[in-house]
Amino acid sequence: MLYTSTRGGASVTFEEALLRGLAQDGGLYMPESLLPAPEGWREATSPAEVAEVVLPPLIGEASASAVARALNFEIPLVPVGDVLLLELFHGPTAAFKDVGARSLARLMEVALAESGESATVLVATSGDTGSAVADAFAGLTGLKVALLYPHGGVSPVQEEQLTVAREGVTAFAVEGTFDDCQRLVKEAFADPQLKALKLTSANSINVGRLLPQMVYYLWAIAEAGRLLGEGAPLRFVVPSGNLGNLTAGLLAAEVGPFDAAFLAATNRNDYFTRYLRSEVEEYAFSPSVPTLSNAMDVGAPSNFERLFARYGAGLKGLVASEAVDDAATLRRMKQVYEESSYLACPHTAVALEARTQRRGVAGVTDVVLATAHPAKFPEVVEEAVGVTPQAPKSLAAVASAEKQVVRVAAELSALREALLSAPGQ
Ligand SMILES: *Cc1c(COP(=O)(O)O)cnc(C)c1O
């Protein structure tokens, strides 16, 4: 299978698309064609098994096995009231970013082993992505990680997660803002003196993060078939920010193939909702605004380019969307807890609210993607519900784990020196 940029250009192999991240013309890589998956995925008994059946035609056998190894945690489909919640947060950092980050890490390890090379992953993070990436890449052969986060600019729990001492990982607390961190990453990539580190990125636009996310949609279809009877009509409700999750769902529906409706749930960063309602033109993005579901605070969702390249304005017939504000998010968290004793994270609550605002067709069961563990957002859960969520073991262990962090000024010269002499490098 070959991959091409959303902006045209030459075709590359999966390994090239993976190691480059962004195409040279600034576009995003997509598979050139999506063939129906080999038979058998509906009988799979784990997400890893789905990956072994479905991914080889797209990314090759060795890469499919790498993804299967990455997906070594449960993704249960849990009935709550009249919905099925697909809990994507049972990985090591308790958010669905673990699926993409762990897959990407193992895919890169395999690709580098083939060429005998090594690389350093450089990421700027304002929160959850950084710890998922650090955890996913720690200890892998040929790979090191440097994380940049704004000193004093992340929550105490996030800082603890980011600074856990991990093999091959260095956390840098930058004396500046998140924008400074992003600028430093760009400057470091262009710096000839850092060439030897073979810097690479692990951001959400990498195909190595996107394609493995198809697996849990197919897994959900298989599990729902066992619960409700094969072919029972479903609607996926997807809490959306950068639209990677939704894009993976639409690609999965083509590959399966399966028939399901899609409802994208956004917070007040509602460009996509307004685009689908023809209130704004394609790419007429807005600046982001902060909300309680902060992992979805994306003003300019980068995967929109993938969706538009593949489906054009036909998207408006494929996906519905609702935007939900913070007040409605808090009310929904409380109501779901009162009705079903279920604690939802703010992102999941946005989706639960969106499905009641936009009722589905009678007889269609909603599968709501639950993207984070509520214990990652204790303040919001306490405000909404008045209950302190119990942390899963992986999160609880972070508090007592050994920490390691390097303070660095927000200047390339300082970062360069630190990168070339960092303890984990
Ligand atoms: C990243 C994230 C989302 C949004 O997913 P996209 O693929 O960016 O649309 C939703 N919920 C949580 C908890 C996240 O971390």
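Against the test of being within 26 Å of Gly40 (Cα to Cα) and either part of a helix (DSSP H, G or I) or modelled with pLDDT of 95 or more (or both), the options Leu315, Leu263, Leu307, Leu246 yield a single qualifying residue, Leu246.
Could you tell me which of the residues Tyr337, Tyr283, Tyr271, Tyr275 is within 13 Å of the ligand (Cβ to nearest atom) and of a type in the set (Phe, Trp, Tyr)?
One residue alone meets the criteria, Tyr271.
Scan region 213-243 residue by residue and report those that are outside any helix (DSSP H, G or I), away from the ligand (no atom under 16 Å from the Cβ) and either in contact with a Phe, Trp or Tyr (Cβ under 8 Å, 6 or more places away or on another chain) or polar (S, T, N, Q) (or both).
Of region 213-243, the ones outside any helix (DSSP H, G or I) are 229-243.
Checking the rest, the ones that are also away from the ligand (no atom under 16 Å from the Cβ) come to 229-235.
Arg235, the sole residue that qualifies.
Annotation note: Cβ proximity below 6 Å between a residue of region 205-222 that is in contact (Cβ under 8 Å) with a residue 60 or more places away in the chain and surrounded by 24 or more Cβ atoms within 10 Å (Cβ to Cβ) and a residue that is among the hydroxyl-bearing types (Ser, Thr, Tyr) and part of a helix (DSSP H, G or I) (sequence gap 6+ or interchain) occurs for Pro212/Ser103.
So which pairs qualify, if the first residue must be in region 235-247 and on the phi > 0 side of the Ramachandran plot and touching a residue at least 60 places away in the same chain (Cβ under 8 Å), the second must be part of a loop (DSSP other than H, G, I, E, B) and more than 8 Å from the ligand (Cβ to nearest atom), the Cβ gap must be under 8 Å, and the two must be at least 6 apart or on different chains? Short answer, once both residue conditions are applied: Leu243/Ser302.
From the list Ala202, Ala300, exactly one residue is aliphatic (A, V, I, L, M), surrounded by fewer than 19 Cβ atoms within 10 Å (Cβ to Cβ) and within 14 Å of the ligand (Cβ to nearest atom). Which is it? Break it down into steps so the answer makes sense when it comes.
On the way: Ala202 fails: surrounded by fewer than 19 Cβ atoms within 10 Å (Cβ to Cβ).
Selected residue: Ala300, the only one of Ala202, Ala300 that is aliphatic (A, V, I, L, M), surrounded by fewer than 19 Cβ atoms within 10 Å (Cβ to Cβ) and within 14 Å of the ligand (Cβ to nearest atom).
Taking every residue in region 89-111 that is polar (S, T, N, Q) and pairing it with any residue that is assigned to a loop (DSSP other than H, G, I, E, B), at least 6 positions away or on another chain, the pairs with Cβ-Cβ distances below 8 Å are Ser103/Leu71.
Residue-by-condition table, conditions (1) more than 14 Å from the ligand (Cβ to nearest atom); (2) in a helix (DSSP H, G or I); (3) acidic (Asp, Glu):
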| position | (1), (2), (3) |
| --- | --- |
| Phe73 | yes, no, no |
| Pro79 | yes, no, no |
| Leu85 | no, no, no |
| Gly91 | no, no, no |
| Asp98 | no, yes, yes |
| Ala101 | no, yes, no |
| Leu104 | no, yes, no |
| Glu109 | yes, yes, yes |
| Leu112 | yes, yes, no |
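Return the residues of region 325-356 that are hydroxyl-bearing (Ser, Thr, Tyr) and not in a helix (DSSP H, G or I); say none if nothing qualifies.
Once the filter is applied, which keeps residues that are hydroxyl-bearing (Ser, Thr, Tyr) and not in a helix (DSSP H, G or I), region 325-356 yields Ser341, Tyr342.
Reported count of residues in region 303-322, each being more than 16 Å from the ligand (Cβ to nearest atom) and surrounded by 22 or more Cβ atoms within 10 Å (Cβ to Cβ), is 0.
I'd like to know if region 379-392 contains one or more residues that are of a type in the set (S, T, N, Q) and farther than 30 Å from Leu197 by Cα. Yes.
On the stretch given as region 352-399, residues that are more than 15 Å from the ligand (Cβ to nearest atom), among the aliphatic types (A, V, I, L, M) and over 24 Å from Asp82 (Cα atoms) total 5.
Would you check if there is a residue in region 138-159 being surrounded by 24 or more Cβ atoms within 10 Å (Cβ to Cβ) and assigned to a helix (DSSP H, G or I)? So far as region 138-159 goes, no, none of its residues is surrounded by 24 or more Cβ atoms within 10 Å (Cβ to Cβ) and assigned to a helix (DSSP H, G or I). Among the residues of region 163-176, not a single one is within 16 Å of the ligand (Cβ to nearest atom), within 22 Å of the chain's Cα centre (by Cα) and small (Gly, Ala, Ser).
The values are calculated or read from the model by the stated rules, or taken from the named source; none is laboratory data. Keep in mind that what you see is a predicted model, and the values were worked out from it rather than measured. Virtual Cβ from ideal backbone geometry, glycine too; neighbours counted across all protein chains shown.
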